[in-house]
Amino acid sequence: MLKEIEHIQASADLLYSERQVEAALDRMAQAINAALAGTSPLFLCVMNGGMVTAGKLLTRLNIPLTIDAVNASRYQNQTLGGTIEWLLKPQTPLKNRTVLIVDDILDEGITLEAICQFCKDQGAAAVYTAVLVDKILDHDKPIRADFVGLQVENRYLFGYGMDYKGYLRNAAGIYACKLSTEDTPS
């Protein structure tokens, strides 16, 4: 497995450098600070992919907020999505709260839509979504993110929280696997 990961990392295309991603996070934070001022939101990190985006975004926000996490995954360290598996639900009561869901990528939108619906079903007063990357697909998604850092073509990505088979989330930049070596785009 390690040789495969090393090959994927060495042959990948850099789509956005660390500097470009950090600038996108700055823009997202400015927009969130303006839009959610006075709402005291619950900052809800989607694990594991949203961990890097959430951590980097969190210190840029200057609004009062509380933090919790959710882990609902379709991928379970695979390259193709399946059914949603709920591994962790927020411990903070959501009733009458403004919730900001933070994730790494808006891909097909199925998982993010399910998390949003869960928050609404729990009585959240308002639900907002922030994603570092919005993948451009040739069809409509069931949800649109309120705050988006960057848009990318439909390729298999890693870095800044996005993974390849559970690895490479820590890559400092956003990379796309070479088309000849990647699995079907997710």
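Once Rg and the Kirkwood radius are both taken over the C-alpha atoms of the range 1-87, their ratio Rg/Rh works out to 1.06. What separates the Cα centres of the range 97-132 and the range 135-162 is a distance of 15 Å. Helix-derived [θ] at 222 nm for the chain: sum -39500 (n - 2.57) over DSSP H runs of at least 4, divide by residue count, nearest 500? -8000 deg cm²/dmol, from helical runs alone. Taking the DSSP bridge list for the chain and keeping only pairs wholly inside it, about 35 percent are antiparallel.
Relative contact order, whole percent, for the range 92-138 stands at 55, derived from Cα pairs under 8 Å and 6 or more residues apart.
In the set [x] 56, 38, 31; [y] 48, 35, 31; [z] 60, 41, 30, the label that goes with Cα extents along the principal axes in Å computed for this structure is [y]. For the chain, the carbon plus sulfur part of the accessible surface works out to 49%, probe radius 1.4 Å. What are the aspartates and glutamates whose alpha-carbon lies under 15 Å from the alpha-carbon of Lys95, with same-chain residues fewer than 8 places away excluded? Excluding near neighbours in sequence, the set is Asp68, Asp121. Annotation: lysines with alpha-carbon distance below 21 angstrom to Lys89 (same-chain offsets under eight excluded): Lys120.
Charge tally for Leu100 (other residues, Cβ to Cβ under 12 Å; Lys, Arg +1; Asp, Glu -1): -2.
The values are calculated or read from the model by the stated rules, or taken from the named source; none is laboratory data. This one's a predicted model, so the numbers in the text were calculated from it and none came from an experiment. Virtual Cβ from ideal backbone geometry, glycine too; neighbours counted across all protein chains shown. Please note that ligands, DNA and RNA were not included when accessible areas were found on the heavy atoms of the full protein model with its side chains. Shrake-Rupley method; radii C 1.70, N 1.55, O 1.52, S 1.80 Å.
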